[in-house]
1. Considering only residues of region A:34-58 that are in contact with an Asp or Glu (Cβ under 8 Å, 6 or more places away or on another chain) and within 23 Å of B:Thr50 (Cβ to Cβ), which is farthest from the other protein chains (Cβ to nearest Cβ)?
2. Considering only region A:59-93, state which residues are within 28 Å of B:Glu15 (Cβ to Cβ), away from chain B (no Cβ under 12 Å) and without any contact (Cβ under 8 Å) to a residue 12 or more places away in the chain.
3. Give me the residue from region B:75-89 that is within 14 Å of chain A (Cβ to nearest Cβ), surrounded by fewer than 22 Cβ atoms within 10 Å (Cβ to Cβ) and touching a helix residue (DSSP H, G or I) at 6+ places or on another chain (Cβ under 9 Å) and, out of that set, nearest to B:Arg21 (Cα to Cα).
4. Take the residues in region B:26-35 that are surrounded by fewer than 18 Cβ atoms within 10 Å (Cβ to Cβ) and touching a residue at least 60 places away in the same chain (Cβ under 8 Å), then tell me which one is nearest to the other protein chains (Cβ to nearest Cβ).
5. For region A:48-71, give me each residue that is in contact with a Leu (Cβ under 6 Å, 6 or more places away or on another chain) and over 19 Å from B:Ala93 (Cβ atoms).
6. For A:Ile92, indicate whether it is part of a helix (DSSP H, G or I) and either surrounded by 19 or more Cβ atoms within 10 Å (Cβ to Cβ) or at pLDDT below 95 (or both).
7. Residues to consider are B:Ala108, B:Ala101; find the one that is under 27 Å from B:Asp36 (Cβ atoms), away from chain A (no Cβ under 14 Å) and of a type outside the set (D, E, K, R).
8. Residues of region B:2-39 being outside any loop (DSSP other than H, G, I, E, B) and either small (Gly, Ala, Ser) or in contact with a Phe, Trp or Tyr (Cβ under 6 Å, 6 or more places away or on another chain) (or both), which ones?
Amino acid sequence: MPTDSTPPLRVEISTVGAFPCLRPLGEVDIASVAALQEALSAQLDGGQTRLVMDFGGLSYLDSTGLGCITAARRRARDAGGDLVLVCTQSRILRLLSITGLNQVFTICKTTAAAEAALGGAKA
Amino acid sequence: MNGDEVRLSLPARPEFVSVARLTLSALAGRLGFGVDGAEDIKLAVAEAMTLLLRPKAGGDSVSLLAAWTDEHLDIDLERRVDDGGLAEDDEEAAIAQLVMAEFMDEAAVSGAPPALTVRLRKQRDSAGAAGAHV
């Protein structure tokens with residue numbers, strides 16, 4: 001019997017100014033969150049501690065995804081950096097609000113604003 | 001129209017969370033919940049099943065029962081577990097419970113061995129489901 005297939009989550013990596021920008025494309029849930037964890041760990045392991053996470057390509061995010069980005073932010077902050085979110089989707093913003101994470105993360109409407117929040121060029 | 005129900009038995013594996021999510025989303029649409037109501041149910045069910053998968057030692061399947069009346073939709077999910085439940089410092093489990101409570105009218109988690117259960121309720125009229133055809 002063939003193995004079950006879930007559409008994989010893809011994480012695009014680009015740069016915003018001097019900072020890595022991770023853009024997950026698809027759904028983040030318990031079945032796919034490992035791809036996001038790996039992408040974040042690769043950046044942090046490589047010494048990149050000021051990161052942008054752009055949710056523009058995300059169609060779904062659950063508690064495991066929120067746990068993943070919270071842990072990554074903690075690790076970035078411990079190393080003197082930060083993880084800044086770019087999000088305009090009302091449902092994801094509502095999730096962040098319900099969980100109080102809107103008070104924890106810096107949430108920007110554009111990548112340029114995220115770059116500025118990380119200490120790069122002014123938005 | 002009362003007494004109808006949908007039962008599922010799903011493998012207790014992450015890749016089947018989306019099956020529960022999409023099945024309940026379709027059912028919610030059938031019951032006349034609007035787009036937002038169906039989205040709420042979809043999210044809550046996914047969080048419920050994800051929660052049930054958190055204990056490492058447990059049964060190989062998750063049972064899901066969705067039953068409805070004119071007034072509300074009830075969704076019960078259950079998994080047999082060996083240790084009874086969730087760690088108290090489980091941050092993601094706490095987030096999942098917050099989300100379920102926000103998106104449903106009632107959400108209760110019970111970790112009494114030998115089963116971990118989640119009970120969800122959504123009022124049909126609270127999500128624009130009045131006049132539903134099922």
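The values are calculated or read from the model by the stated rules, or taken from the named source; none is laboratory data. Just so you know, these numbers come straight off a predicted model, no measurement behind them. Cβ sites come from the backbone with ideal geometry, for glycine too, and all protein chains shown count toward neighbours.
1. The extreme case among them is A:Gly57.
2. Result: no residue meets the conditions.
3. Ranking the candidates gives B:Leu86 first.
4. Filtering first and then ranking leaves B:Gly34.
5. A:Arg50, A:Leu51, A:Met53, A:Gly57, listed by residue number.
6. yes
7. Matching residue, one of B:Ala108, B:Ala101: B:Ala108.
8. B:Ser9, B:Leu10, B:Ser18, B:Ala20, B:Ser25, B:Ala26, B:Ala28, B:Gly29, B:Gly37, B:Ala38 - these are the residues of region B:2-39 that are outside any loop (DSSP other than H, G, I, E, B) and either small (Gly, Ala, Ser) or in contact with a Phe, Trp or Tyr (Cβ under 6 Å, 6 or more places away or on another chain) (or both).
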